[in-house]
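Enquirer: Okay, here's the structure, questions in a sec.
Read-outs throughout are calculated quantities, based only on the coordinates presented, and are distinct from any laboratory measurement. None of the values given here were measured: they were computed from a predicted structure. Methodologically, a virtual Cβ is constructed for each residue, glycine included, from the backbone with ideal geometry; neighbour enumeration extends over all protein chains shown.
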Amino acid sequence: MSSFKYVIVGGGVAGGYGAWEFTKHGLQPGELAIISKEKVAPYERPALSKGYLFPENPARLPGFHTCVGGGGPKGLPEWYKENGIELKLDTEVVKADLKSKTLTTDKGETIKYEKLIIATGAGVINLKDFKMPGADADGIYYIREEEDAAKLYEAMQKHKGAKVIVVGGGYIGCEVGAGLSLNGLDVTIVYPEPHLMPRLFTPEIASFYEGYYEAKGIKVFRGRLAAAIVQHDGQPNKIQCVRMKDGEELPADFLVVGIGARPRVGLFEGQLEMAKGGFKVDGNFKTSEPDVYAVGDVAAFPLKMKDGELTRVEHVDNARKSVMQAVQAIKAEEKGESIPEYDYLPYFYSRVFKLSWVFYGENVGDVVVWGREEAIKEGGKFGAYWVNDKKVVGAFLESGTPDDNKLMSEVARKRPSVESQEELKSGLAFAAKI
Ligand SMILES: Cc1cc2nc3c(=O)[nH]c(=O)nc-3n(C[C@H](O)[C@H](O)[C@H](O)COP(=O)(O)OP(=O)(O)OC[C@H]3O[C@@H](n4cnc5c(N)ncnc54)[C@H](O)[C@@H]3O)c2cc1C
Ligand SMILES: NC(=O)c1ccc[n+]([C@@H]2O[C@H](COP(=O)([O-])OP(=O)(O)OC[C@H]3O[C@@H](n4cnc5c(N)ncnc54)[C@H](O)[C@@H]3O)[C@@H](O)[C@H]2O)c1
Ligand SMILES: O=C1O[C@H]([C@@H](O)CO)C(O)=C1O
């Protein structure tokens, strides 16, 4: 049995940033333990579908341990030791009893805590979850953890020029589809919606990216649903093709599947109040159990700019900021103080090929797209503003500079009123004026 003042379950982005935040508040040796089922210290997960897949000089650990993505120290295992943090890798928490404040690991250890931070992230949705025929074949890749990306990279090297079907038109589909294409693979992306990134992009924005992908030789099959994975007769478990719902068969040497993720909450279900598929937390990420916090992908937190509407955000900026909020609140409470509650500005971004877009705020209301035609011709900047109740509530920008992107965040944060949507067509000039 071991006991710690603070335990973080999960050694991902929030785990790494939580450790860094604790070291800013006088953490004493032996106070903090981080338990992670991964074999490597916390790392910047976003790298796995971007730099990690580059054909030349791909990003590799230890280059992208947390918190380099947020301008912090590179958390090598030695960094945890130097800071007196117990980093238990390759260790899965298999049981949690919040009443007795006890965790049990797959190594048979019992760990007690005074304060617990749940940072278990999200797990991929698997084709097997839909009982898809052939979903157990070899050659179907998912990407969540560094181990997955390593296996995918090996497959890319082994199957130069192979036909790859990417299932899913969200973030993974777009980013890994680009990575596969950069490695010279023959890529087809299939997804059921009418366009890429359906939760965020409008048809007009999506068609810019679909056109860009098609110009790179990627086949984009929108509005199509994969129905079965057909295996070679003579070589069971070797993929022959993907049969679409409409019966068409697309030959494939291997697949990459990005059809969403589900927050990993099973360990604590029945012990904590739930919301939006995650753990319901307050503005300091405190759960319904006073000494238990939940952060990152699993936390359903009150979004202040939407009158406290419970929101779950599966993105790295929120993972970093939510755990920093929780740690600051824990440390303040120890001194009988309190801190301003989380006032998050939703921020998403992605980088594919030489493109790089950001989005801030809310994608609700009317959309005013600007500069898109020029961007197609000259590959420059283009953007969009979302207008709801005559206020600009969302801002999107492709190929912006850091200063441009900052302007977009300021627009989304200030939510300026607009009388006519005409002025929004000036794009960055509008943002520079508010
Ligand atoms: C390939 C990929 C690329 C991404 N790119 C971007 C991007 O460009 N921009 C962006 O904003 N977001 C991106 N995301 C999303 C972002 O990475 C997540 O939102 C973020 O990692 C969430 O942080 P987290 O700490 O909540 O969970 P995670 O980072 O997923 O960490 C959870 C950790 O907990 C561990 N764990 C889970 N259960 C247990 C258990 N029972 N016992 C022990 N350990 C456990 C997991 O192994 C993992 O180490 C990407 C995600 C993926 C998969
Ligand atoms: N840049 C980023 O922010 C980034 C990058 C990569 C991953 N991520 C995160 O990682 C997680 C996983 O990303 P993701 O792209 O898998 O999820 P996603 O939810 O972004 O996209 C899933 C896509 O798959 C489609 N889909 C669902 N069921 C399908 C089916 N049966 N067949 C074909 N398509 C289907 C969905 O309609 C959606 O377009 C998410 O939390 C995401 O936020 C974020
Ligand atoms: O936030 C991120 O971190 C990694 C990388 O920049 C870390 O070095 C990456 O690709 C991001 O989008």
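Enquirer: Please list, in chain and number order, the residues 5+ apart from GLN231 or on another chain whose amide H is under 5 Å from its amide H, with Hs placed from the backbone.
Expert: Those qualifying (amide H under 5 Å, at least 5 residues apart or on another chain) are GLN240.
Enquirer: Something else about it: What FRET efficiency, computed as 1/(1 + (r/R0)^6) with R0 = 45 Å and r the Cβ-Cβ distance, is obtained for ASN126 and SER426, rounded to the nearest 0.05? Mind dumping the intermediate values first?
Expert: Details: r = 46 Å, r/R0 = 1.03.
Taking R0 as 45 Å, the efficiency between ASN126 and SER426 is 0.45.
Enquirer: So between VAL418 and ASP389, what do we pick up on full extension, going 0.36 nm a residue minus the alpha carbon distance? If you can, show how the numbers build up before the last one.
Expert: Working: separation 29, 0.36 × 29 = 10.44 nm, distance 0.92 nm.
Here the segment from VAL418 to ASP389 would lengthen by 9.5 nm.
Enquirer: Which stretch or stretches of the range 262-300 have amide N atoms under 13 Å from the point lying 7 Å from ILE339's Cα along the Cα→Cβ direction?
Expert: Inside the label zone: 283-286.
Enquirer: If you don't mind, another one. Which order do peptides 351-364, 38-51 fall in by mean Cβ count within 10 Å, highest first? Kindly include the intermediate steps, with their values, before the conclusion.
Expert: Numbers: 351-364: 18.9, 38-51: 21.9.
Highest mean packing first, the order is 38-51, 351-364.
Enquirer: Tell me, what HN-Hα J-couplings in whole Hz come from the Karplus equation 6.51 cos²θ - 1.76 cosθ + 1.60 at θ = phi - 60° for each residue of the range 231-246, using x for Gly and Pro?
Expert: Karplus values, whole Hz, x for Gly and Pro: 9, 4, 4, x, 10, x, 6, 9, 5, 9, 6, 10, 8, 7, 4, 7.
Enquirer: While we're on this one: Of the lysine pairs in the range 127-259, how many meet both conditions: Cα atoms under 20 Å apart, and a spacing of 8 or more in sequence or different chains?
Expert: 17
Enquirer: Next question, about the same structure. Working from the alpha-carbon coordinates of the range 354-433, get Rg over Rh, Rh being the Kirkwood radius. Working shown, then result.
Expert: Values: Rg = 11.5 Å, Rh = 12.3 Å.
Value, to two decimals: 0.94.
Enquirer: When only Cα pairs under 8 Å and 6 or more residues apart are kept, what is the percent relative contact order across the chain?
Expert: On the way: 953 pairs, mean separation 56.1, N = 434.
Worked out over the chain, it gives 13 percent.
Enquirer: As an exercise, identify the trypsin sites (Lys or Arg not before Pro) in the range 203-261 lying in DSSP coil whose Cβ has no more than 15 other Cβ atoms within 10 Å. The partial results should precede the final answer.
Expert: On the way: sites: LYS216, LYS219, ARG222, ARG224, LYS238, ARG243, LYS245; in loops: LYS216, ARG222, ARG224, LYS238, LYS245.
Those satisfying the criteria are LYS216, LYS238, LYS245.
Enquirer: Around ALA412, with a cut-off of 14 angstrom between Cβ atoms, what is the net charge of the other residues, counting Lys and Arg +1 and Asp and Glu -1?
Expert: Around ALA412, the charge tally is +2.
Enquirer: Take peptides 401-407, 336-342, 390-396, 423-429 and line them up by average Cβ neighbours within 10 Å, highest first, as a rough protection proxy. Could you put the intermediate results ahead of the total?
Expert: On the way: 401-407: 14.4, 336-342: 12.7, 390-396: 21.1, 423-429: 17.0.
Per-residue mean Cβ counts within 10 Å order the peptides as 390-396, 423-429, 401-407, 336-342.
Enquirer: Rounded to the nearest 5, what is the percent of antiparallel bridges among the DSSP beta bridges in the chain?
Expert: Details: 50 of 84 bridges.
Of those bridges, close to 60 percent are antiparallel.
Enquirer: Ok, one more. Ranked from highest to lowest mean number of other Cβ atoms within 10 Å per residue, what is the order of the peptides 56-68, 285-297? Don't skip to the end; give the middle numbers.
Expert: Numbers: 56-68: 16.3, 285-297: 23.7.
So the order, starting with the most tightly packed, is 285-297, 56-68.
Enquirer: Per residue of the range 324-341, in order, report the coupling 6.51 cos²θ - 1.76 cosθ + 1.60 (Karplus, θ = phi - 60°) as ³J(HN,Hα) in whole Hz, putting x for Gly and Pro.
Expert: 5, 4, 5, 5, 4, 5, 4, 5, 5, 4, 4, 9, x, 10, 9, 10, x, 5
Enquirer: Counting only other residues whose beta carbon sits under 12 Å from that of ARG243, what net charge do I get with K and R as +1, D and E as -1?
Expert: Details: positive: ARG224, LYS245; negative: ASP246, GLU248, GLU249.
Summing Lys/Arg as +1 and Asp/Glu as -1 gives -1.
Enquirer: Next question. Once the convex hull of the alpha carbons of the chain is built, what does its volume come to per residue, in cubic angstrom?
Expert: Working: hull volume 67.2 nm³, N = 434.
Considering the Cα atoms of the chain, their hull volume per residue is 155 Å³.
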